[in-house]
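Heads up, the thing below is written out as structure tokens.
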Amino acid sequence: MPVLETLEDSFTGALDTTKWPNSYGDPGTSGGRARIPCTVGGFSGLRSATIYTLADSHFLLRAYPPPANGATSTAALSLLVLSSAGGTDAGFIIDTAQGAMGLYSRTGYADGGALFPPYDPVAHAWLRLRETGGTLLWEVSPDSTSWTVLRSSPSPAWVADADLSLLIESTRTDGANNFAEVDNVNLPTSLALLGAARTAVAARPLAGQKTHTLGAAQAAVTARPISAAHVVQLGAARTRARAGTIARLPRPARRLTPSTTGPTLTPSTSRPTLTPTTTTGG
């Protein structure tokens, strides 16, 4: 029994009919978005498999409702979680012909507590229907990061059923035909810290975000070399006198000792004097 938030689609290729097997009215993809025809008197929609539960889960997406295109009555995009009982559902209906958004929790297609705030395409760019702790929350965001609660209501019992589906539908009563679009179902573009999984079966790998291939530079003349780094000019190295050769010191004089064959030194107040000695020659 998968929770509804595990239904993820970025619509980067052809429409995945394994995720949307119950679709009708020829929806498709274009430019990385799902595209749903909005025709006078007709209904077109993406509808998922009937295998999900909404208890302690949610759906969210980026919504692009159909422009009014001259409609004065209805040009609408519906984003609803359907139960197995016809007309028993919950979600959003945006009507650009009326400039309003309906926040519904219906039984038999009726909801006496529905709210109808003016539709703001910037503040209401992202929509989320979330069930938590027995409360159903209708939330909006301009960027999929900061969410504002527009309505809260006790959760109907059917949110815990295991046969729910997500419906994304468009229709109009007048004006010129066009289309509605949606993107990033359960794939917010923001990054957030993930808390612990509620149960082991709820943990799943993080899906890849949508990427865009970068094209070539617009003009070759805009490319330019990297500026040279700042250079400090070094001056001439200071010179240093070459160390001279140390002269060899003379050996210290040996100590003089008296001799019987040569003159002897006698003390003098001015200089030494020689005293003759007698030697015997042969």
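The values are calculated or read from the model by the stated rules, or taken from the named source; none is laboratory data. Because the structure is a prediction, the values reported are computed rather than measured. Every residue, glycine among them, receives a Cβ derived from its backbone with ideal geometry; neighbour counts consider all protein chains shown. All accessible areas refer to the heavy atoms of the entire protein, side chains included, with ligands and DNA or RNA removed. Shrake-Rupley method; radii C 1.70, N 1.55, O 1.52, S 1.80 Å.
Can you work out the Karplus-derived ³J(HN,Hα) for every residue in segment 47-53? Use 6.51 cos²θ - 1.76 cosθ + 1.60 with θ = phi - 60°, whole Hz, and x for glycine or proline.
9, 6, 5, 9, 9, 9, 10
Considering only protein heavy atoms, what per residue accessible area in square angstrom results for segment 1-40 with a 1.4 angstrom probe?
Here the residues of segment 1-40 average 49 Å² of exposed surface.
Between A114 and T145, what FRET efficiency comes out of the Förster formula 1/(1 + (r/R0)^6) with R0 = 35 Å and r the beta carbon distance, rounded to 0.05?
E between T145 and A114, to the nearest 0.05, is 0.80.
Put W158, W138 in order of accessible area, largest first, 1.4 Å probe: what do you get?
Numbers: W158 30, W138 0 Å².
Correct descending sequence by accessible area is W158, W138.
Multiply the residue separation of L15 and V40 by 0.36 nm, subtract the distance between their alpha-carbon atoms, and state the gained length in nm to one decimal.
6.6 nm
Output the peptides 176-187, 99-110 sorted from most to least packed, where packing is the average of other Cβ atoms within 10 Å over each peptide's residues.
176-187, 99-110
Computing the accessible area with a 1.4 Å probe over protein heavy atoms, can you report the carbon and sulfur percentage for segment 63-151?
54 percent
Just need the relative contact order of segment 42-184 here, percent rounded to a whole number, with Cα pairs under 8 Å and 6+ apart.
Once divided by the residue count of segment 42-184, the mean separation gives 38 percent.
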